[in-house]
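The values are calculated or read from the model by the stated rules, or taken from the named source; none is laboratory data. What you see is a predicted model, and the numbers here were worked out from it, not measured in a lab. FYI the Cβ positions are ideal-geometry reconstructions off the backbone, even for glycines, and counts take in every protein chain you see.
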Amino acid sequence: MNKSQLIEALAKEENLALKKAEEVVNTVFGDMEKALIRGERVEIRGLGSFKVKQYDGYKGRNPKTGDIIKVAPKKLPFFKVGKELKERVDVD
Amino acid sequence: MALTKADLVENVAREGFTKKDSAKIVETLLELIKSTLKAGDEILISGFGKFCVKEKKQRRGRNPATGEDLILDARRVITFKCSPVLTDKINGKLSVPM
């Protein structure tokens, strides 16, 4: 399911105009994005939490050519799935 | 300081909803995401990232405390793959209007 399908589903479920549902979805993911850019945690009960982690640089190889390349240090958001979602998704 | 559901509800309310309606809408949205993942379908939010469902096979593991061998059952887990656009923003390679 992509963003527009999610917007459609939300509009239908909550009886919202498509435009309004789009604003809601953009606000929700936009808020999460801004928090992560600021380096803040995102903690949504039932869904999970996001935290920006710092990864060290390392020397890697281009698997195609075998050339040694330097991978620069980077920050990536790490998602930890929440208890409720974890339990619901897991096969019984 | 972490962004929580209460913050989302407050900001969605600014779109012209009462707090109560906003709380219900945010809850519905989260429920849609969860039930889609439960059904085994992934959620792709372009520019943000992708929530995937991965099937893990049964494997032999070890209890790290006691050293005993044990069988870990097949299970299903959620992974998140961050969009390259968001990665660049987090690493300051793309400027963002805040």
> Checking B:Thr79 against (1) under 15 Å from the mean Cα position of the chain (by Cα); (2) exposed (fewer than 14 other Cβ atoms within 10 Å of the Cβ); (3) over 22 Å from A:Asn2 (Cα atoms); (4) among the β-branched types (Val, Ile, Thr), which single condition isn't satisfied?
Replying inline: (3)
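Can you report the number of residues in the stretch A:48-92 which are among the polar types (S, T, N, Q) and in contact (Cβ under 8 Å) with a residue 24 or more places away in the chain?
Adding up the residues that qualify gives 1.
So for the stretch B:26-44 (the condition being aliphatic (A, V, I, L, M) and farther than 23 Å from A:Lys83 by Cα), does at least one residue qualify? Steps first, answer last, please.
Our first condition is that a residue be aliphatic (A, V, I, L, M); within the stretch B:26-44, this holds for B:26, B:29-30, B:32-33, B:37, B:39, B:43-44.
From the residues that got through so far, the ones that are farther than 23 Å from A:Lys83 by Cα too are none.
Within the stretch B:26-44 (the criterion being aliphatic (A, V, I, L, M) and farther than 23 Å from A:Lys83 by Cα), the answer is no, since none of the residues qualifies.
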>> Could you check the stretch B:1-25 and list, in sequence order, the residues that are buried (at least 20 other Cβ atoms within 10 Å of the Cβ), facing another protein chain (nearest Cβ under 7 Å) and in a helix (DSSP H, G or I)?
In response: B:Leu8, B:Val12, B:Ile25
> Looking at the stretch B:32-75, which of its residues are in contact with an Asp or Glu (Cβ under 9 Å, 6 or more places away or on another chain) and within 18 Å of A:Glu22 (Cβ to Cβ)?
Replying inline: B:Leu32, B:Thr36, B:Gly47, B:Phe48
> Filtering the stretch B:75-98 down to residues that are more than 13 Å from A:Lys34 (Cβ to Cβ) and in a helix (DSSP H, G or I), which residue is nearest to the other protein chains (Cβ to nearest Cβ)?
Replying inline: B:Thr87
>> Please determine whether any residue of the stretch A:67-77 is farther than 23 Å from B:Gly92 by Cβ and at pLDDT 90 or above.
In response: yes
>> Filter the stretch A:54-92 down to the residues that are under 17 Å from the mean Cα position of the chain (by Cα), over 30 Å from B:Ala74 (Cβ atoms) and surrounded by 10 or more Cβ atoms within 10 Å (Cβ to Cβ) and list them by number.
In response: A:Lys74, A:Lys75
>> Looking at the stretch B:44-51, can you tell me whether even one residue there is assigned by TED's automatic domain parsing to the domain that holds B:Lys5 and loosely packed, with under 14 Cβ neighbours inside 10 Å?
In response: no
>> Could you list, ordered by first residue, the pairs with Cβ atoms under 7 Å in which the first is in the stretch A:1-18 and assigned to a loop (DSSP other than H, G, I, E, B) and the second is of a type in the set (D, E, K, R), at least 6 apart or interchain?
In response: A:Met1/B:Asp41
